[in-house]
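Asker: Sharing a structure, written as structure tokens. Questions coming.
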Amino acid sequence: MTVAAERISVQEALHLWQGPPLELARRADEVRRRRFPENHVTFIKDRVINYTNVCITDCGFCAFYRPPKHPEGYLLTRDEVFRRIDELVRIGGTQVLMQGGHHPNLKIEFYEELFSAIKARFPIYLHALSASELDHIAKVSHLSLEEVVRRLKSAGWDSLPGGGAEILVDEVRERISPLKISADRWFEIHETLHGLGVESTATMVYGFGERLEHRLQHLDRVRALQDRTGRFRAFIPWSFTPYRTALSDVPTAAGLEYLKVIALARLFLDNVRHIDCGWLTEGQRVCQMALFSGADDIGGLVMDDRVISATGVEYQIGVNRILSLIRHSGRIPALRNTEYQILKIYEAGEWEGATPA
């Protein structure tokens, strides 16, 4: 965490955003280099499991969900979940990121039984659900949030992704997802979890036609909560992909805008150690450029994501491609776990399996 004299205000962040993009990137990369002098870029071997696409929340930005009884709705069987985790474990994967829709019939017992069965079978870390899913589970189960958290932790749940944040300003949320939890509720859930010893990540999806002040409000509230709890492991932004959604007329954000978001996050979120860049939504080249704009982590394999791919945007990537992207940025690849502990540092010329073409 930086000293108070170095902390920038919202007004200063606005000034930086409006200034030369290369200067913004340079300043952010300077902060990154001071914080990570060993020059590592970390990544994780993970898999996304979207256990259901059935959802009653009807968000305008989502191409993934299907309403109850829709012919394309699904709920994965336990055997199918096991098969996917087994594939991950076989390549040395350590994290399952499990998320789905707000299914009206899935109560706390479903998650307890599933998580317990996974942990009994696999040595895997469950980075699962989202604030809005927890809120939904509590409502349909007629339980308090604290009781849901206690029971899920007992079943083997490990930590909470930052999904469902989008833009954490109700003026925006009421337009794009009026049935989803409010910004206050998102922060309340994360703060409650932090107080109960559960860590999480913070995210931001931008490009819904919101104003810059909305993004800065979002960042300001993330920073304020981190000041109170210190339990956000990382901040992960990505741009909205409008294809096949009810918001398909929204212009897509440009790559330069993503680099500015990454850089501003590094400078503004002085108390969040890790800034992740994402190849899944932004593409590999833009993600690589983000490593010069303050990012220190390149995410993971993200095997089998269905939420982004539902928009028609599909990228595939393997470990050797990740190693190549990191090395060609002049950095040192390092494999991490969910808690950002380094498991392996890849030496120069070291690949997994066959050398990439």
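The values are calculated or read from the model by the stated rules, or taken from the named source; none is laboratory data. Everything numeric in this text was worked out from a predicted model, so none of it was measured. A quick note on method: Cβ atoms are made from the backbone with ideal geometry, for glycine too, and the neighbour counts reach across all protein chains shown. All accessible areas refer to the heavy atoms of the entire protein, side chains included, with ligands and DNA or RNA removed. Shrake-Rupley method; radii C 1.70, N 1.55, O 1.52, S 1.80 Å.
Asker: Being modelled with pLDDT of 95 or more and either open to solvent by less than 20 Å² (accessible area, probe 1.4 Å) or over 18 Å from the mean Cα position of the chain (by Cα) (or both) narrows it down to one residue among Val31, Val48; which is it?
Answerer: Val31
Asker: Would you point out which residue out of Ile85, Ile91 is under 25 Å from Thr338 (Cβ atoms) and open to solvent by less than 20 Å² (accessible area, probe 1.4 Å)?
Answerer: Unique residue meeting the criteria: Ile85.
Asker: Name the residue that is surrounded by the most Cβ atoms within 10 Å (Cβ to Cβ), counting only residues in segment 154-170 that are of a type outside the set (A, V, I, L, M, F, W, C) and under 21 Å from Val96 (Cα atoms).
Answerer: Gly164
Asker: Ok, one more. Limited to segment 106-135, what total is found for residues that are open to solvent by less than 40 Å² (accessible area, probe 1.4 Å), of a type outside the set (A, V, I, L, M) and farther than 26 Å from Leu179 by Cα?
Answerer: 2
Conditions (1) β-branched (Val, Ile, Thr); (2) under 19 Å from Tyr51 (Cα atoms); (3) open to solvent by 10 Å² or more (accessible area, probe 1.4 Å); (4) in contact (Cβ under 8 Å) with a residue 12 or more places away in the chain, marked per residue:
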| position | (1), (2), (3), (4) |
| --- | --- |
| Pro68 | no, yes, yes, yes |
| Glu80 | no, yes, yes, no |
| Gly100 | no, yes, yes, yes |
| Pro104 | no, yes, yes, yes |
| Leu152 | no, yes, no, yes |
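Asker: Would you confirm, using the coordinates I've provided, whether Leu212 is over 26 Å from Lys260 (Cα atoms), surrounded by fewer than 21 Cβ atoms within 10 Å (Cβ to Cβ) and hydrophobic (A, V, I, L, M, F, W, C)?
Answerer: no
Asker: I would also like to ask the following. Among the residues of segment 330-350, count how many are hydroxyl-bearing (Ser, Thr, Tyr) and farther than 14 Å from Glu38 by Cα.
Answerer: Selection size over segment 330-350: 2.
Asker: If Trp157 satisfies every condition in (1) under 25 Å from Ala13 (Cα atoms); (2) touching a Leu at 6+ places or on another chain (Cβ under 8 Å); (3) aromatic (Phe, Trp, Tyr) but one, which is the exception?
Answerer: (1)
Asker: Find all pairs meeting these conditions: Cβ atoms under 6 angstrom apart; at least six residues apart or on different chains; first residue within segment 168-191 and among the aromatic types (Phe, Trp, Tyr); second residue outside any loop (DSSP other than H, G, I, E, B) and crowded, with 16+ Cβ neighbours inside 10 Å.
Answerer: Trp186/Ala131; Phe187/Leu225
Asker: When Leu143 is evaluated against the numbered criteria (1) part of a loop (DSSP other than H, G, I, E, B); (2) in contact (Cβ under 8 Å) with a residue 60 or more places away in the chain; (3) open to solvent by 20 Å² or more (accessible area, probe 1.4 Å), which criterion, by number, is the only one it fails?
Answerer: Exception for Leu143: condition (2).
Asker: Still on this structure, I have one more. Among Ala131, Ala155, which is modelled with pLDDT of 95 or more, closer than 28 Å to Gly209 by Cβ and in contact with a Phe, Trp or Tyr (Cβ under 6 Å, 6 or more places away or on another chain)?
Answerer: Ala131
Asker: What number goes with the only condition from (1) open to solvent by 40 Å² or more (accessible area, probe 1.4 Å); (2) within 24 Å of the chain's Cα centre (by Cα) that Phe64 does not pass?
Answerer: Of everything listed in (1) open to solvent by 40 Å² or more (accessible area, probe 1.4 Å); (2) within 24 Å of the chain's Cα centre (by Cα), Phe64 misses just condition (1).
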